Amino acid sequence: MAITAAEVNKLRQITGSGMMDCKNALVEAEGDFDKAIDILRKKGQKIAAKRADRSANEGFVVAKASNDATYAAVLMLNCETDFVGKTDDFTQLASDILNHAVEQKIKNLEQLKESMLKGQTIEALLTDMSGKTGEKIELNQFNVLEDAYVSYYNHNGNRLASIVAFNKTTQNLPTIGHEIAMQVAAMNPISVNEDSVPDDVKNHELEIAKEQVRNEGKPENMVEKIAMGKLNKFFKENTLINQDFIRDNKKTVKQYMVEEDKDLVCKGFYRLQLGA
């Protein structure tokens, strides 16, 4: 049967697929739009499967908090090329998924992928995007924080974002929260404080420090003490509240927080970065 250019364009507007793909799908479906959409979706599934062994290291990273600032989420939507990662369709999909997660206060990645958006599961929307772009599309990183107050930061270009949580609210916390979220993004701490550094990381760093001290020719009875000093330096450089505050390196992040409220505590954070 004859398929008109208007019909092809209509299907293209609905699905975002290429003109020839839309025409061929309409011909195969004998003009039935619903069947044509299914054909294109199946094609997308085949493309997704074909691309399963490809690396998807580009994409879009974005964070957001709920209106009441008690829930924050950050996600990374991956693709294969920077070109696709900057397209309006791709970035809009990432934003739509995040907005949906925040509105529904989704708890984890599995729940997010299974949830419904625009009449489809998120997983199905990802498959459709793979069909449109011809690239592997992945949503493998999604983190959530819920507490008395949360904040977030999106770095320019959407290759890096962070979220942070606090134990209470204060008058200036919107500013403080944003500053500390920026600190997390810029300085990439491994934990909030030394107590929350995993034991295996502590032991690994301590052993490295001891070996460095021995290689420097220090007496064995001094090794432990000097190595502990090196470990404390590691904590200062790599734990959030002990780091120098990026806005004023004459004070630590903890000192910056205490100036606002001595009882203010950072409860946790997440940081996502493309290529990291």
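Which value, in debye to the nearest 20, describes the size of the charge dipole of the chain about its Cα centre when Lys and Arg Cβ atoms bear +1, Asp and Glu Cβ atoms bear -1, and nothing else is charged?
That gives the chain a dipole magnitude of about 340 debye.
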### Query
Taking the stretch 169-276 on its own, what percent of its Cα-Cα pair distances exceed 25 Å?
33 percent
### Summary
the stretch 164-236 and the stretch 1-30 have their Cα centres apart by a whole-number Å value of 58 Å
### Query
What does the convex hull of the alpha-carbon atoms of the stretch 1-143 project to on average, in nm²?
8.8 nm²
### Task
List the relative contact order of the stretch 5-50 as a percent without decimals, with contacts defined as Cα pairs under 8 Å and 6+ residues apart.
28 percent
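If each residue of separation counts as 0.36 nm, what is the full-extension length gain between ALA2 and ALA276 once their alpha-carbon separation is subtracted?
93.5 nm
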### Task
Under a cut-off of 26 Å between alpha-carbon atoms, report the lysines in cross-link reach of LYS132, not counting same-chain residues fewer than 8 places apart.
LYS10, LYS23, LYS35, LYS42, LYS43, LYS46, LYS50, LYS86, LYS113, LYS118
### Query
For the stretch 25-126, which trypsin sites (Lys or Arg not before Pro) are in a loop by DSSP, counting at most 15 other Cβ atoms within 10 Å?
ARG54, LYS86, LYS105, LYS107, LYS118
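Suppose R0 equals 41 Å. What FRET efficiency, 1/(1 + (r/R0)^6) with r the Cβ-Cβ distance, do ASP248 and ARG54 give to the nearest 0.05?
So, using R0 = 41 Å, E works out to roughly 0.35.
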### Message
Give me the count of lysine pairs in the stretch 198-238 whose alpha carbons sit under 14 angstrom apart, restricted to pairs 8 or more positions apart or on different chains.
### Response
10
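Go through the stretch 155-227 and name the trypsin sites (Lys or Arg not before Pro) that are in a DSSP coil and have 16 or fewer other Cβ atoms within 10 Å of their Cβ.
When the trypsin sites (Lys or Arg not before Pro) of the stretch 155-227 are filtered for loop state and at most 16 Cβ neighbours within 10 Å, LYS168 remain.
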### Task
Give a residue-ordered list of calculated ³J(HN,Hα) values for the stretch 235-252 (Karplus: 6.51 cos²θ - 1.76 cosθ + 1.60, θ = phi - 60°; whole Hz; x for Gly, Pro).
4, 5, 7, 10, 10, 3, 6, 9, 5, 5, 5, 5, 7, 7, 6, 7, 9, 8
### Query
Given DSSP loops and a limit of at most 14 other Cβ atoms within 10 Å, what is the longest stretch of the chain that contains no such GluC sites (Glu not before Pro)?
31-215
### Message
Using square roots of five times the C-alpha gyration tensor eigenvalues, list the equivalent-ellipsoid semi-axes of the stretch 5-50 in whole Å, biggest first.
### Response
17, 11, 8
### Query
According to the Kirkwood expression over distinct Cα-Cα pairs, how big is the hydrodynamic radius of the stretch 100-201, in Å?
16.2 Å
### Summary
Dividing the surface of the Cα convex hull of the chain by four yields a projected area in nm² of 18.6 nm²
#### Entry: Where only alpha carbons of the stretch 198-238 are counted, the Rg and the Dmax (Å)
9.9, 29
### Relative contact order of the chain, pairs being alpha-carbon contacts under 8 Å that are 6 or more residues apart, as %
19 percent
### Summary
Quick note on CYS266, CYS79, ordering by fewest other C-beta atoms within 10 Å, gives CYS266, CYS79
### Query
If we count other beta carbons within 10 Å of each Cβ, what is the order of LEU240, LEU117, fewest first?
LEU117, LEU240
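Any read-out appearing in this document is the output of simple, stated calculations on the displayed coordinates, not a laboratory observation. Values in this document were obtained by computation on a predicted structure and should not be read as measured data. Cβ coordinates were reconstructed from backbone atoms using ideal geometry, including for glycine residues, and neighbour counts include every protein chain displayed.
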